[in-house]
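Please read the structure below before turning to the comments.
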Amino acid sequence: MEEELQQLIEQAEKDIFACSRPNDLLNVKAKYLGKKSLLSSLYAQMRELPAEERPAYGSLINETRKRLEDLIEEQNRVIKENTWKKSELKSAIDLTMPGIFSSRGGLHPLTVIRREIDEVFLGLGFEIAEGPDIDDDFHNFDALNTPLDHPSRNLADTFYLEGGGLLRTHTSTVQVRVMEKYPPPIKIISPGRCYRNDKPDPSHSPVFHQVEALVVDKGISLADMKDMLSQFASIMFGKNVSSRIRPHFFPFTEPSAEMDISCVVCGGTGCRVCKYSGWLEMGGAGMVDPNVFDILGIDSEVYTGYAFGLGIERIAMLKYNIPDMRILYENDLRMLRQFKGELR
Amino acid sequence: MKIALSWLAKYIEIEENTNELEEILTFTGIEVEAVENISALPETVFSAKIISAEAVTETDHLKRCLVDIGNFPYSEKKENGYLQVICGAPNCRSGMMSVIALPGSILPEMTITKAKIKGIESCGMLCSEKELGISDNHSGIIELSSETPIGITANELYELPDTIFELEITPNRPDLLGYIGIARDLSAKLKRSLKMPEINIPDAKCKAETMPLELVNKVPDLCPRYIARLFNKVELKDSPLWLKRALIKSGLRPINNLVDITNYVMLEYGHPLHCFDYDKLTPLPEKPKIPAIVIRRAYQNEPIITLDGKSYVLEGDEMVIADGIKPSAIAGIMGGNISAISETTKRIVLESAAFHPGSIRRTSYKHKISTDSSYRFERHLCAYSAADAAKRATQLICELTNAELCEVTYDSFPFPPKPLILGIRPSRYAQVIGYELEDEKIKDYLERLGLKFLQYGNWKQGKINNIAELYCHHTEEMKQGKTEFTELANCEHTHYYEIPPYRVDLEREIDIIEEIARLDGYHKIPVKTLPQRIMDRHSYRIKKIAVDYLISRGFYETLNYSFSEPNLLYKLGYKDGDRELEMITLKNPQSSNQSVMRTSLIPQLLQNLAYNLNRGEKNIKLLELGKTYHRQDVLSYEPYFLAGILTGLNKEEHWQEKASPLTIFWVKGIVEELLSFLHLENLSVQDIKVPFLSRTESAAYYLADKELAYYGKLTAAAAEKFDIDTIELKQDIWIVQFAMENIINATRTLKTQFQEIPRFPFVTRDISFLIADEIPYCEIVKTIAETDRNIISDVTAFDEYHGKQIPEGKRSLTLRLKLRDKEKTLTDERVDYLIDSVIKKLRETWQIIMR
C-alpha cells in the first residue's frame, strides 16, 4: 500500500506542476482528492482492516492527502504570481500621452480677489454687510457729511436715475445703513459694486468694485486703523509689504488719510508700476467724522471709529499684473482661463 | 473623593439643598462627578438583638434566629416575645446586635415580606449595609456594638437621609483632599464660618523612658518632616458607630479603632497617617535596646512585604521608613506587615510626615501601588498639616483606645520653610479679570481661605523678605482707619498676605487673583459687547456653493456691467408689459447701450457667448452671479440671480475618453444636482415663462409659487438676434438660471442630518419592460415605490431603448431597484415576492409588457 501511495504522489506531482491555469488545478484536485479518487477508495477500504491496523493505515492516507493538498496550494500560488507578472509586463505604455483632466472652469479674477479679502477680514472678526446699489442722496452724500455743493454730486461724477435715486458712488452707503440700524460696537466690511461717471480707460470703469471697512466702538483710534491696515497688507500681499498713511481730505472722515502700501512689484525701490515712488495708493481712510455720528444719532463723545476703502479692481490689477481695467469686463475666455488655478 | 453631607456639615453650616450645593461646589472649582442620595429608611428598620441562632438542618448556611425587637409593637412575636427570622449571613450568631427590617419595610432595592424559607416562617430580615443602601458591603449582616440599645432606627444609627458627593479634586489643590479643606473653600464662597474640630490632648501619662525611640532622618530632602508620637496601653477594639458610619459613607471599611482613626483623620485633614507596633521595631545595631525609626532610601534589592501580603523588591531609589534593620513601610504609600498593628499590639508609634511628592509618585508608579495615602502624598502635602493631623489623631487615640500618651513627641523638621508673603493689587485684579472689586471683599475672601492679612502697601515686584520693606503711606492710612487711600504717583495700592502653608498652589499674585475671581464667581465677570452680528452668513454661503458647483462643472465666471440696453430684451422676445421691461433708466447714461439697469443676466451672457464664439471658441460655459434691478417703492429691489449659458461638448476633449455634445439631460442634471445639494427636493416642475427657450426642451422648478430655477434650449430665433447662427454653429445653446433669493430663503431652515447607516446589505434587481412612450418615468418610479416603501430604498433608470423589435409608440425601460430591510437581511424568497408584486402593480397601473 505504501508503495501504491508513493506512486500516487509521484503521478500527482507531475499533474499538478503541469497546471498553468486555476481551472486545470481544480480538475487535478478533483482527480486526486475528490470522491472518486484513489485516495477516497483506499480510505473506504479501511473498514475492512483489523482494528489494530487501522490507525497506521489511516495516518498514512492522511499524510498523503496533506502532501497533495500542500502541493496543490503551492502550485496555486505559482499560477497566481505568474498571472500578476504577466499583467505587469503586458505592454509598454506611452506615458507621454495626455492624462484625463476634469472639466473644471474658473472664477473671475475680481471674485478671486474679493473672496480673498472677505477671508482676511472674516478671520479678523469682521462681518460682511451688503446694501443696495441703487441708493439715495441721504445715504450716499448727506449722511456722509458731503455738502450739497460738493463736486462729487455732479452729474459728471454720479449716475442719477429717472424717478429718483442714484447709483452709489462708494459702499460707504452700507456703513450708513448699518449705523442707522445697529448701535455700536460695529465691525464690518461692505464689499460691492460702485458707479462713477468715468469713461472706461485703462484705470477707470463706470462700474467697479469696492470693499470698505468700518469699526465703531469705545476707544477706537487711528492707531487701530494703522494696525488693521498693516495686517491686511501683509496677509493680502505678503509679509514684507509695509503700509503707511498720508494726510488727505474726505468729507466723512476727520482726520482723513490716504493709504499706501510698499510697491509689490519692486519692493519699494521704484519701478514703472509705482511710478518710481516705491509706494502704491490703496484707498482712502480716516476716523469717522463726528458729524457723521451726530447725523446717525451715535454719541461721538462715547464712540469713535475708523473707516477705509479699497478698490478691488486695483488690487487685482496689481496682484495679477493686468495692465488695463477694461480687460476685466470683456469676459474673454482667453483671459478667464488664466485664473482657473486661483481657487478661493 | 467621596464626601458625605452629614460629615461635611460638622465643619460648616449647610442650608442649601443637594442641587444648590452641587452648583456651588462646581462653581467654586470643585467638580462634582456624581451625587448619590441615600434615602431615609422606614421606622420599621432598627437595631435588634439576636438571642439565638441555630443552623437549619439540611442547609449549609441558613440559620434560624430568634430576634429581640424590644418593645417595638409588632403583632407576630413568637416564643417569649422574640421574632423568628431566617438569616443566611456567615457572621450571624447569637448575642449579636444587628439591624432588622420588619415585614412591610421598603428598602432601596427590595420590599420585606413575611416569607417561608425551607418551610420555616421568617418575619423580617437581618440586613447588610448594602441592603440599607449605605455602602457596597454585602459580606454579612451589620454588626452593631453590643452596647447599642434595641429599637434605635437605622435613620438614627446612620444619620439618614444623607447625600454623598463624589468630587474630582484638581491636582493643584492637595489641601482639598479632606473634609476640612472642602469646608474651608465653602466657607469662603458662602461667607460662613469654618468650625474646626476642638482638640484637647490629655496629659501625657507615659514617661519618656518607658518608651524610648531613636528617630533618624537620613533623607531630609525626601522627608522634610517626620513626627512620631508614642502611645502605651492601646486597646484595640471596634470603633464607635459615629466613626464607623463616617468611614462607611466615604467608601472605607472599618477595621479597628486604631486603623479607623488614622483613616478618619486622613479624610478629615487630607493628611495620611500610619501606625507601627512599637514592640516590633528593631533597634539599630549601634544602639541596642532602643527601638528605631530610620527614614532612608531603600537598599538595592531590599525586600518588603506590605500590609496586603504582597512582596516587593525595592531598587534603592525608594524612600522607606525602616527600623534599625529592615524597612517597616514604603514611605507614604503602604506599611509593611512585620511592624503592622495586630491583635497583640499594645504600644504604638503614630507617624505623621511630609514627603517629597516626586519621590512618592515615582515609587508608586514603579511598583504599581496606588493607595489613598500615595494619592495624597504625590500631590504635595504640606509639612505644617502633618502636625495638625498628628494632634487630631493623638486626641482620638487617647479617647477611643484608652491609650496613654508618651510625654515626648519626636519631630524631625530640619528646615521649616518660612511663610510666603504675597502682594495682590486690586488694580491688577481688574486688569486681568475685567471688573473692579472692593478692598474689603478681596480681604474677606482671602482671609476665609486662611490667608493672613498683613497690611496695605505699595507694590513691590519680586520676593518679599521683610515685611518692613512693604511700608508706604497706605500702611499709615490703614492704621488711621481709612478705607479710601490717597493715590500718589509711583504708588500702586497693594494688599499683603501671608500664605497658609497648606496652600502650596499659591505662589504668585496671579494665583491669588484666580482665587478671588473663583470665589466671587465667574458669572460676575462682565461680557464685553461683541460687534453686531449683522452678516447674512447663510446667503453668503449658498451663493458661494452655487457658483463653486457650476465652476466644478466647467463654467467660467463673467462679470458684466449692471447697466444694459432695453433693446436686448425685445430681441429675446419680451413684449411691452412684461415685468422684465420695467427697467430703471439712468438720467445721465454714458451711452444708449448703458441706459437702463439690467433686469436679467441673460442678454449680457448671450453677448459674452457671441463674443467668444467670434474668437474661435467652440465649447463655452459661462456664468454670472449678479443682481438685477427693479423699482420698488422709492428705491429698488435687487435680487441676486445665477445664470449660465453653455454650448458645445460636455467636457474637455480627450483621445481616450471621448467627449460628446451637451444634451438636455446634461443641462437638466446641473440644475437638479445643485438643487439636491441644497436639499431642495420634491419640487413642482412647470412650463417656463421666458420667451427665448424652446417650449418642449425646457422646464422650471417651483417651490410653492416661487420659481427656484429653470433650464432650456435657446431658440434659434433668439440666438440669431445676437448674431449667432445655430445652423452654421451645429451646436445647441443651453441656458440655466437659479433665482438665488428664492433659493436662499427656501434653504434657511434645511439642514443635513445624519441618518443611521443601514446594518443590512442591500440587494439590487433589474426589471425590463415595454411601456407606452407617454407614461412618464417619474410616475413609474412612484408606482414602484408605493409597492413597499420600507424595502424599496432606491429606483434608478438603468436603460431606455427605442428601435428595432420595439413596437411603435413604446419604449423598453430597464430599472434598477435597490432593496433593503432595516431590520434583517432580505431572503431570496422575500425579494422574489416583492419583485413579483412590483411587476403586478406595474401591469395593472401602466399595462407594461415584461421583456
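The values are calculated or read from the model by the stated rules, or taken from the named source; none is laboratory data. Small disclaimer: the values here were computed from a predicted structure and weren't measured. As a convention, Cβ positions derive from the backbone with ideal geometry for all residues, glycine included, and neighbour counts pool all protein chains shown. Heads up: the accessible areas ignore ligands, DNA and RNA and are worked out on the full protein's heavy atoms, side chains in. Shrake-Rupley method; radii C 1.70, N 1.55, O 1.52, S 1.80 Å.
Taking region B:7-22 only, how many residues are in a helix (DSSP H, G or I) and more than 28 Å from the chain's Cα centre (by Cα)?
Start the filter on region B:7-22 by keeping residues that are in a helix (DSSP H, G or I), which leaves B:7-8, B:18-22.
Still in the list and also more than 28 Å from the chain's Cα centre (by Cα): B:7.
Of the residues in that region, 1 qualify.
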Does region A:207-214 include one or more residues that are open to solvent by less than 50 Å² (accessible area, probe 1.4 Å), within 14 Å of another protein chain (Cβ to nearest Cβ) and farther than 24 Å from A:LYS187 by Cα? yes
Taking region A:207-255, which residues are in contact (Cβ under 8 Å) with a residue 12 or more places away in the chain and in a loop (DSSP other than H, G, I, E, B)? A:LYS218, A:GLY219, A:ILE220, A:SER221, A:GLY238, A:ASN240, A:VAL241, A:SER242, A:PRO251, A:PHE252
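Within region B:29-42, can you find the residues that are farther than 27 Å from B:ILE152 by Cα and either open to solvent by 30 Å² or more (accessible area, probe 1.4 Å) or more than 18 Å from the chain's Cα centre (by Cα) (or both)? Reasoning before the result, please.
The first filter runs over region B:29-42 and keeps only residues farther than 27 Å from B:ILE152 by Cα, leaving B:29-35.
Once the filter is applied, which keeps residues that are farther than 27 Å from B:ILE152 by Cα and either open to solvent by 30 Å² or more (accessible area, probe 1.4 Å) or more than 18 Å from the chain's Cα centre (by Cα) (or both), region B:29-42 yields B:GLY29, B:GLU31, B:GLU33, B:ALA34, B:VAL35.
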Among what's in region B:509-547 and is open to solvent by less than 10 Å² (accessible area, probe 1.4 Å) and not aliphatic (A, V, I, L, M), pick the residue that is nearest to B:SER676 (Cα to Cα). B:GLY521
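Any residue at all in region B:67-74 that is open to solvent by 20 Å² or more (accessible area, probe 1.4 Å), more than 15 Å from B:ILE141 (Cα to Cα) and assigned to a strand (DSSP E or B)? Write out each step before concluding.
Of the residues in region B:67-74, the ones open to solvent by 20 Å² or more (accessible area, probe 1.4 Å) are B:68, B:70-74.
Still in the list and also more than 15 Å from B:ILE141 (Cα to Cα): B:68, B:70-74.
Now restrict to residues that are assigned to a strand (DSSP E or B): B:68.
Yes: one or more hits.
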Restricting to region B:537-570, and then to whatever is without any contact (Cβ under 8 Å) to a residue 40 or more places away in the chain and acidic (Asp, Glu), can you tell me which residue is farthest from the other protein chains (Cβ to nearest Cβ)? B:GLU565
Selection from region B:223-238 of residues that are more than 40 Å from the chain's Cα centre (by Cα) and not β-branched (Val, Ile, Thr): B:TYR226, B:ALA228, B:ARG229, B:LEU230, B:PHE231, B:ASN232, B:LYS233, B:GLU235, B:LEU236, B:LYS237, B:ASP238
Can you give me the ranges of the helices (runs of 4 or more DSSP H) entirely in region A:256-344 with at least 3 residues that are surrounded by 15 or more Cβ atoms within 10 Å (Cβ to Cβ) and more than 14 Å from chain B (Cβ to nearest Cβ)? A:290-295, A:312-320
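Taking region A:43-80, which residues are among the hydrophobic types (A, V, I, L, M, F, W, C) and farther than 15 Å from A:LEU33 by Cα?
Narrowing region A:43-80 to residues among the hydrophobic types (A, V, I, L, M, F, W, C): A:44, A:46, A:49, A:51, A:56, A:60-61, A:68, A:71-72, A:78-79.
Passing the criteria: A:MET46, A:LEU49, A:ALA51, A:ALA56, A:VAL78, A:ILE79.
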From the list B:TYR556, B:TYR570, B:TYR561, which one is closer than 19 Å to A:LEU110 by Cβ and open to solvent by 30 Å² or more (accessible area, probe 1.4 Å)? B:TYR561
Out of (1) at pLDDT 90 or above; (2) under 37 Å from the mean Cα position of the chain (by Cα), the one B:ASP136 does not meet is (1)
Can you report the number of residues in region B:780-818 which are under 13 Å from B:ILE848 (Cα atoms), exposed (fewer than 14 other Cβ atoms within 10 Å of the Cβ) and polar (S, T, N, Q)? 0
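Do we have any residue at all in region B:768-779 that's farther than 27 Å from B:SER837 by Cα and surrounded by fewer than 17 Cβ atoms within 10 Å (Cβ to Cβ)? I'd like the intermediate steps shown before the answer.
As a first pass, look at region B:768-779 and keep what is farther than 27 Å from B:SER837 by Cα: none.
Checking region B:768-779: not a single residue is farther than 27 Å from B:SER837 by Cα and surrounded by fewer than 17 Cβ atoms within 10 Å (Cβ to Cβ).
Among the candidates A:LEU155, A:LEU60, A:LEU68, single out the residue that is surrounded by 20 or more Cβ atoms within 10 Å (Cβ to Cβ) and either part of a helix (DSSP H, G or I) or within 14 Å of chain B (Cβ to nearest Cβ) (or both). Give the steps one after another, and end with the answer.
Numbers: A:LEU155 fails: surrounded by 20 or more Cβ atoms within 10 Å (Cβ to Cβ); A:LEU60 fails: surrounded by 20 or more Cβ atoms within 10 Å (Cβ to Cβ).
When all the criteria are applied, what remains is A:LEU68.
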Sort through B:LYS207, B:LYS189, B:LYS218 and tell me the only one that's open to solvent by 50 Å² or more (accessible area, probe 1.4 Å) and either in contact with a Leu (Cβ under 9 Å, 6 or more places away or on another chain) or at pLDDT 95 or above (or both). B:LYS218
Collect the residues in region A:173-191 that are in contact with a Gly (Cβ under 7 Å, 6 or more places away or on another chain) and either open to solvent by less than 20 Å² (accessible area, probe 1.4 Å) or not basic (Lys, Arg) (or both), keeping them in residue-number order. A:THR173, A:VAL174, A:SER190
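Here's the yes/no breakdown for (1) under 25 Å from A:GLU301 (Cα atoms); (2) within 8 Å of chain B (Cβ to nearest Cβ); (3) within 29 Å of the chain's Cα centre (by Cα); (4) in a helix (DSSP H, G or I):
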position	(1), (2), (3), (4)
A:PRO132	no, yes, yes, no
A:PHE138	yes, no, no, yes
A:THR146	yes, no, no, no
A:ASP149	no, no, no, no
A:ARG177	yes, no, no, yes
A:ILE188	yes, yes, yes, no
A:PRO191	no, no, yes, no
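Condition first: at positive phi and open to solvent by 40 Å² or more (accessible area, probe 1.4 Å). Can you find one or more residues in region B:603-620 that meet it? If you could, list the steps in order and put the result at the bottom.
First, the residues of region B:603-620 that are at positive phi: B:616.
Next cut, open to solvent by 40 Å² or more (accessible area, probe 1.4 Å) only: B:616.
Yes, region B:603-620 has at least one match.
Of all residues in region B:468-485, how many are touching a residue at least 12 places away in the same chain (Cβ under 8 Å) and either at positive phi or open to solvent by 70 Å² or more (accessible area, probe 1.4 Å) (or both)?
Residues of region B:468-485 that are touching a residue at least 12 places away in the same chain (Cβ under 8 Å), as a first pass: B:470-475, B:477-478, B:483, B:485.
This time we only want the ones that are either at positive phi or open to solvent by 70 Å² or more (accessible area, probe 1.4 Å) (or both), so: B:471, B:483.
So the count comes out to 2.
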Take B:LEU167 and tell me if it is touching a residue at least 12 places away in the same chain (Cβ under 8 Å), open to solvent by less than 40 Å² (accessible area, probe 1.4 Å) and more than 30 Å from B:LEU446 (Cα to Cα). no
I need every pair where a residue in region B:749-764 that is in contact (Cβ under 8 Å) with a residue 24 or more places away in the chain has its Cβ under 8 Å from the Cβ of a residue that is acidic (Asp, Glu) and exposed (fewer than 10 other Cβ atoms within 10 Å of the Cβ), sequence separation at least 6 or different chains. B:PHE760/B:GLU823
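Residue-by-condition table, conditions (1) at pLDDT 95 or above; (2) within 47 Å of the chain's Cα centre (by Cα); (3) within 10 Å of another protein chain (Cβ to nearest Cβ):
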position: B:ILE516; (1), (2), (3): yes, yes, no
position: B:VAL527; (1), (2), (3): no, yes, no
position: B:GLN532; (1), (2), (3): no, yes, yes
position: B:LYS575; (1), (2), (3): no, no, no
position: B:ASP578; (1), (2), (3): no, no, no
position: B:THR585; (1), (2), (3): yes, no, yes
position: B:LEU601; (1), (2), (3): yes, no, no
position: B:LEU623; (1), (2), (3): yes, no, yes
position: B:LYS627; (1), (2), (3): yes, no, yes
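Here's the yes/no breakdown for (1) of a type in the set (Phe, Trp, Tyr); (2) touching a residue at least 12 places away in the same chain (Cβ under 8 Å):
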position	(1), (2)
A:GLU281	no, yes
A:GLY284	no, yes
A:VAL292	no, yes
A:PHE308	yes, yes
A:LEU318	no, yes
A:ASP324	no, yes
A:ILE327	no, no
A:ARG337	no, yes
A:GLY341	no, yes
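This table checks each residue for (1) surrounded by 21 or more Cβ atoms within 10 Å (Cβ to Cβ); (2) at the interface with chain B (Cβ under 10 Å from one of its Cβ atoms); (3) in contact with a Gly (Cβ under 8 Å, 6 or more places away or on another chain).
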position: A:PHE101; (1), (2), (3): no, yes, no
position: A:HIS108; (1), (2), (3): yes, yes, no
position: A:ILE117; (1), (2), (3): yes, no, no
position: A:PHE126; (1), (2), (3): yes, yes, no
List pairs: first in region B:200-217 and closer than 12 Å to B:ILE293 by Cβ, second open to solvent by 60 Å² or more (accessible area, probe 1.4 Å), Cβ under 6 Å, 6+ apart or cross-chain? B:GLU214/B:LYS287
